Structure formats: structure tokens, C-alpha cells
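Q: Have a look at this one.
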Amino acid sequence: MLRFFYALLVSLVGIGIVHIAVLLLLPRFSERDAWSSLAAASDFYKSVRVDGSDDQAPLVGALDPLFRASACRFDLEEGPVQIRAPGNVPFWSVSIYNRAGQNVYSFNDRATERGTLDFVVLTPSQMIEVRKAPPDSYQRSIFVQVPIGEGIVVVRSFVPDPTWEDTTSEFLAKMACSKE
């Protein structure tokens, strides 16, 4: 019985140490999320490379070495945001995240007619207004409704071999993230 209480006491002390360590480390890790990293790197509606391929340190970790990526932050309170990139690459994918970093929508080049990157992110109420009189710039765009205010769009492009590196870099460098 004494061993049981001793084990229980040691376990409680261990749990206490772990909880204190987590509480002390929380401020350090909470400021290193994707939103904070992007906010430090650029303003809203500015595309920024997040893969570290522009001779900078990667803004996010654990990226696939065969993909290059760019991201931009947006605020739908200011209106819909349109993302475009000219050119063709072997494969691209898009993920839209809310401010907390939760993925709210994803699609890839197979969802488009010609494989071109041209889409508009908007709220359901903005979608109703846009459908009444869509701007000319939206004629070939994919519409993506998301129930968020602020978010991040991440565009990834596949680099199957080194000969595609320049094409992929140019594709991501010319990615435009603009509010309407």
C-alpha cells in the first residue's frame, strides 16, 4: 500500500512539472504560428514565398521538398479577394486557412477547366452580391465561399525535376492576391 501512495505522489509531481513546463513554453510557441510569421513578413494582400526558396528561412516548417509555396493573408471584411497566377505548372493546389490555422477549403488544378489559377474567396453574403452583377475580372474565376473573416491562402506548386524550378518560381512570384 505504501508503494501505491509513493507511485501516486511521484506521478503527481511529474504531472505538475510537465504542466509548468507547458505553461512556461506556451508564449514562445504561440507567437510562432503561421499567421504571426506571415504578418511579420508582409502585409495583407501581399504574396510571400513561405518555402524558403527565395534565400530566406522558411516561414513554416515541414514542407515537402518537391513543392514550392506562396501565401497571402486577406481580410474578407474589406471585400472579396481574387488570387491569380499566370502560366502553367505540372500541378498546383490551394488551401485556405482561417486565422487559427484550420483548413477551411482546398482544391487543385484538376478543379478548373484549363488548369489556370484564378479564383475568388468570399463570404456567403458577398457571393449573393457578386452574383447580382459580377465584375468582368471574375468571368473565368472559381468562386470559393468561406465562413471566415481573416484568412490565409496557400498556393503550392509541384516541381517534378530541376528543369521545372524556374517555371514554378515564376508562377509563384507572379501570383497576385488582390481585394476587389
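Q: Checking THR163 against (1) at pLDDT below 90; (2) open to solvent by 40 Å² or more (accessible area, probe 1.4 Å); (3) over 23 Å from LYS179 (Cβ atoms); (4) of a type outside the set (A, V, I, L, M), only one condition comes out false. Which one?
A: Going through the list (1) at pLDDT below 90; (2) open to solvent by 40 Å² or more (accessible area, probe 1.4 Å); (3) over 23 Å from LYS179 (Cβ atoms); (4) of a type outside the set (A, V, I, L, M), THR163 breaks only (1).
Q: Every residue in the stretch 40-75 that is within 20 Å of GLN102 (Cα to Cα) and modelled with pLDDT of 85 or more, please.
A: TYR45, SER47, VAL48, ALA69, SER70, ALA71, CYS72, ARG73, PHE74, ASP75
Q: Among the listed residues ARG114, ARG73, which satisfies the condition of being closer than 18 Å to CYS177 by Cβ and not hydrophobic (A, V, I, L, M, F, W, C)?
A: Values: ARG114 fails: closer than 18 Å to CYS177 by Cβ.
Testing whether each residue is closer than 18 Å to CYS177 by Cβ and not hydrophobic (A, V, I, L, M, F, W, C) leaves just ARG73.
Q: Right, something else. If you go through the stretch 132-142 one residue at a time, do you hit one that is under 16 Å from GLN82 (Cα atoms), open to solvent by less than 80 Å² (accessible area, probe 1.4 Å) and at pLDDT 90 or above?
A: Looking for residues that are under 16 Å from GLN82 (Cα atoms), open to solvent by less than 80 Å² (accessible area, probe 1.4 Å) and at pLDDT 90 or above, one finds none in the stretch 132-142, hence no.
One line per residue, one yes/no per condition, for (1) open to solvent by 60 Å² or more (accessible area, probe 1.4 Å); (2) in contact (Cβ under 8 Å) with a residue 24 or more places away in the chain; (3) outside any helix (DSSP H, G or I):
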site	(1), (2), (3)
SER70	no, yes, yes
ILE96	no, yes, yes
TYR105	yes, yes, yes
ASP118	no, yes, yes
GLN126	no, yes, no
VAL153	no, yes, yes
SER178	no, yes, yes
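Q: Among the listed residues THR168, THR116, which satisfies the condition of being out of contact with any Asp or Glu (no Cβ under 9 Å at 6 or more places or on another chain) and of a type in the set (Val, Ile, Thr)?
A: Working: THR116 fails: out of contact with any Asp or Glu (no Cβ under 9 Å at 6 or more places or on another chain).
Residue meeting the stated conditions: THR168.
The values are calculated or read from the model by the stated rules, or taken from the named source; none is laboratory data. Everything numeric here is computed off the predicted structure, so don't read it as measured data. Using ideal geometry, Cβ is built from the backbone for each residue, glycine included, and neighbour counts are taken over all protein chains shown. The area values use the complete protein model at the heavy-atom level, side chains included, leaving out ligands, DNA and RNA. Shrake-Rupley method; radii C 1.70, N 1.55, O 1.52, S 1.80 Å.
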